[in-house]
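Notes to accompany the following structure.
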Amino acid sequence: MSVLLSCSSPFSLLKTSPPTHSFPKPSSLSFFRFSPPSLSLHSTPSNTSISIRASTQVGAAGSEPPIADRVSEFKDACWRFLRPHTIRGTALGSTALVARALIENPSLIKWSLLLKALSGLFALICGNGYIVGINQIYDISIDKVNKPYLPIAAGDLSVQSAWLLITFFAAAGLVTVGLNFGPFIFSLYTLGLFLGTIYSVPPLRMKRFPVAAFLIIATVRGFLLNFGVYYATRASLGLAFEWSSPVVFITTFVTLFALVIAITKDLPDVEGDLKYQISTFATKLGVRNIAFLGSGILVMNYVFSILAAIYMPQAFRQWLLIPAHMIFALSLIFQARVLEQANYTKEAISGFYRFIWNLFYAEYAIFPFI
């Protein structure tokens, strides 16, 4: 039921950490750090002198930024720490599975279930935050090259603060699930946290092994999330678990989609990975080949979805499933062509990867109605 991945952090995959990499531990450093409000992470020559003068004036006055600004900056750092695009995937996926279970059993819908559903969503977001957070703690030196905007790598969040946050996420998620969803769902949630931990943390650090890494992502984001949420929702309705064709479809579809995310997420990180001699599919096979491979798997996924609608009209709404997946497939082919024409620049690669996540969101958006 946990999600991890993100597949960011982890919701950077498939990487081998540098031999000399040392892993941070909680320390007695300041709880959190802020830069003066006048400084920018992307300053230009035209504003550098202004920032320096502003910082000098603040230092000369012996004053600190207003507490409201410091709190606002800390909130922004925490939000970036959660990797928002993975949060959106988790929230949309769990909402879609709950909606599907309710659509299948409309007579059992009760307002009292709303609070339980919200508590489940809170637990999933906590699990997601723990997994992407612990990955950032153990990837600081790599993120300084590949993702310098992340809060720890950028110096906007201290390592101690990050440890406190992920400890809170893990504890809050486990307590919430344990109190509301029973031992079976608790065990699935714990499994998700465990997989997210061994993905990033030595001595196992499974992200060093490409196949193991993307299998972890596929398991957590593909199977555990979909099966766990659907099972928990039916249990809350007083029903025994029972697979339905749409749920089998989304579980299979998203598991394959998670594999694509796992192999394409390293495309924007090739520069830093090569610098630190980190082995990924992108560094071994090349950006162009991985982009084509990921696109090919997704197009195949869409073709199978269309065939499922054609040969199982009793299980799916053809008028929605067929045209939607035709549009998704054509859009993906077009974006792959745009990437090719842009000669695989870093900006174009990042845009292509964001588009893949948008397709992921779109699949869950239509799922309750298929």
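May I ask you to say which residue of LEU332, LEU307 is within 28 Å of SER245 (Cβ to Cβ), in contact with a helix residue (DSSP H, G or I) (Cβ under 8 Å, 6 or more places away or on another chain) and hydrophobic (A, V, I, L, M, F, W, C)? So that I can check it myself, show each step before the final result.
Working: LEU307 fails: in contact with a helix residue (DSSP H, G or I) (Cβ under 8 Å, 6 or more places away or on another chain).
One residue alone meets the criteria, LEU332.
May I ask you to list pairs of residues, at least six apart or on different chains, whose Cβ atoms are under 9 Å apart, with the first in segment 108-125 being modelled with pLDDT under 90 and the second being β-branched (Val, Ile, Thr)?
That search, which allows pairs on different chains as well, returns LEU113/VAL98; LEU113/THR233.
Within segment 150-160, is even one residue touching a Cys at 6+ places or on another chain (Cβ under 9 Å) and modelled with pLDDT of 90 or more?
Initial filter on segment 150-160 (touching a Cys at 6+ places or on another chain (Cβ under 9 Å)): 151, 157.
The next check asks that each one be modelled with pLDDT of 90 or more; those that pass are 151, 157.
There is at least one residue in segment 150-160 that is touching a Cys at 6+ places or on another chain (Cβ under 9 Å) and modelled with pLDDT of 90 or more.
Give segment 137-160 a look and list any residue that's assigned to a helix (DSSP H, G or I) and not small (Gly, Ala, Ser), or say none.
Keep residues of segment 137-160 that are assigned to a helix (DSSP H, G or I), which gives 137, 140-146, 151-154, 159-160.
Within segment 137-160, ILE137, ILE140, ILE142, ASP143, LYS144, VAL145, ASN146, PRO151, ILE152, VAL159, GLN160 meet the criteria.
Mind checking which residues of segment 102-114 are hydrophobic (A, V, I, L, M, F, W, C) and in a helix (DSSP H, G or I)? Quick ask: steps written out before the conclusion?
So in segment 102-114, the residues hydrophobic (A, V, I, L, M, F, W, C) come out as 102-103, 108-109, 111, 113-114.
Within segment 102-114, LEU102, ILE103, LEU108, LEU113, LEU114 meet the criteria.
When residues of segment 289-334 are filtered for being over 19 Å from ALA258 (Cα atoms) and assigned to a helix (DSSP H, G or I), how many remain?
Here the count works out to 17.
Considering only segment 139-175, state which residues are surrounded by 22 or more Cβ atoms within 10 Å (Cβ to Cβ) and aromatic (Phe, Trp, Tyr).
Once the filter is applied, which keeps residues that are surrounded by 22 or more Cβ atoms within 10 Å (Cβ to Cβ) and aromatic (Phe, Trp, Tyr), segment 139-175 yields only PHE169.
Residue pairs, Cβ under 6 Å, 6 or more apart or interchain, first in segment 193-216 and among the polar types (S, T, N, Q), second buried (at least 21 other Cβ atoms within 10 Å of the Cβ) and assigned to a helix (DSSP H, G or I). List them.
Going by the 6 Å Cβ cut-off, the qualifying pairs are SER200/ILE134; SER200/ASN135.
Can we say ASP269 is more than 24 Å from GLY222 (Cβ to Cβ), modelled with pLDDT under 95 and either crowded, with 21+ Cβ neighbours inside 10 Å or of a type in the set (Lys, Arg) (or both)? Let's see the steps before the verdict.
Working: more than 24 Å from GLY222 (Cβ to Cβ): no; modelled with pLDDT under 95: yes; either crowded, with 21+ Cβ neighbours inside 10 Å or of a type in the set (Lys, Arg) (or both): yes.
In short, no.
Is at least one residue of segment 147-158 farther than 22 Å from ASN226 by Cβ and in contact with a Pro (Cβ under 7 Å, 6 or more places away or on another chain)? Quick ask: steps written out before the conclusion?
Our first condition is that a residue be farther than 22 Å from ASN226 by Cβ; within segment 147-158, this holds for 147-158.
Add one more test, that the residue is in contact with a Pro (Cβ under 7 Å, 6 or more places away or on another chain), and what stays is 154, 157.
Yes: segment 147-158 contains one or more residues that are farther than 22 Å from ASN226 by Cβ and in contact with a Pro (Cβ under 7 Å, 6 or more places away or on another chain).
Determine if segment 202-211 includes at least one residue that is at pLDDT 95 or above, aliphatic (A, V, I, L, M) and either farther than 30 Å from GLN318 by Cα or surrounded by fewer than 19 Cβ atoms within 10 Å (Cβ to Cβ) (or both). Break it down stepwise before answering.
Within segment 202-211, the first condition is being at pLDDT 95 or above, and the residues that meet it are none.
No; the residues of segment 202-211 include none that is at pLDDT 95 or above, aliphatic (A, V, I, L, M) and either farther than 30 Å from GLN318 by Cα or surrounded by fewer than 19 Cβ atoms within 10 Å (Cβ to Cβ) (or both).
Tell me, please, whether a residue that is crowded, with 17+ Cβ neighbours inside 10 Å and small (Gly, Ala, Ser) can be found in segment 180-197.
Within segment 180-197 (the criterion being crowded, with 17+ Cβ neighbours inside 10 Å and small (Gly, Ala, Ser)), the answer is yes, since at least one residue qualifies.
For segment 319-339, give me the residue count where each residue is over 16 Å from PHE253 (Cβ atoms) and either surrounded by 14 or more Cβ atoms within 10 Å (Cβ to Cβ) or within 25 Å of the chain's Cα centre (by Cα) (or both). Give the derivation first.
If we filter segment 319-339 for residues that are over 16 Å from PHE253 (Cβ atoms), which is where we start, we get 319, 323, 330-331, 333-339.
Pick out the ones that are also either surrounded by 14 or more Cβ atoms within 10 Å (Cβ to Cβ) or within 25 Å of the chain's Cα centre (by Cα) (or both) and you get 330-331, 333-336, 338-339.
Matching residues across segment 319-339 total 8.
Output yes when any residue across segment 206-229 is out of contact with any strand residue (DSSP E or B) (no Cβ under 6 Å at 6 or more places or on another chain), among the aliphatic types (A, V, I, L, M) and assigned to a loop (DSSP other than H, G, I, E, B), and no when none is.
Residues of segment 206-229 that are out of contact with any strand residue (DSSP E or B) (no Cβ under 6 Å at 6 or more places or on another chain), as a first pass: 206-229.
Filter once more, keeping what is among the aliphatic types (A, V, I, L, M): 206, 211-213, 215-218, 220, 224-225, 229.
Remaining after also requiring assigned to a loop (DSSP other than H, G, I, E, B): none.
Checked segment 206-229: no residue is out of contact with any strand residue (DSSP E or B) (no Cβ under 6 Å at 6 or more places or on another chain), among the aliphatic types (A, V, I, L, M) and assigned to a loop (DSSP other than H, G, I, E, B).
Got a number for residues in segment 218-254 being closer than 17 Å to TYR189 by Cβ and of a type in the set (A, V, I, L, M)?
The total comes to 6.
Would you call PHE257 under 26 Å from LEU124 (Cα atoms), assigned to a loop (DSSP other than H, G, I, E, B) and not acidic (Asp, Glu)? Write out each step before concluding.
Details: under 26 Å from LEU124 (Cα atoms): yes; assigned to a loop (DSSP other than H, G, I, E, B): no; not acidic (Asp, Glu): yes.
So PHE257 does not fit the description; no.
If I filter segment 115-136 for residues that are β-branched (Val, Ile, Thr) and assigned to a loop (DSSP other than H, G, I, E, B), do I get at least one hit?
If we filter segment 115-136 for residues that are β-branched (Val, Ile, Thr), which is where we start, we get 125, 131-132, 134.
Going one step further and asking which of them are assigned to a loop (DSSP other than H, G, I, E, B), we end up with none.
Scanning segment 115-136 turns up no residue that is β-branched (Val, Ile, Thr) and assigned to a loop (DSSP other than H, G, I, E, B).
Here's the yes/no breakdown for (1) among the basic types (Lys, Arg); (2) in contact with a Leu (Cβ under 8 Å, 6 or more places away or on another chain); (3) closer than 30 Å to LYS116 by Cα:
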{"position": "PHE257", "(1), (2), (3)": "no, yes, yes"}
{"position": "PHE281", "(1), (2), (3)": "no, yes, no"}
{"position": "TRP319", "(1), (2), (3)": "no, no, no"}
{"position": "PHE328", "(1), (2), (3)": "no, yes, no"}
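The values are calculated or read from the model by the stated rules, or taken from the named source; none is laboratory data. Note that the structure is predicted; figures quoted are calculated from it, not measured. Cβ atoms come from the backbone with ideal geometry, glycine included; neighbour counts cover every protein chain shown.
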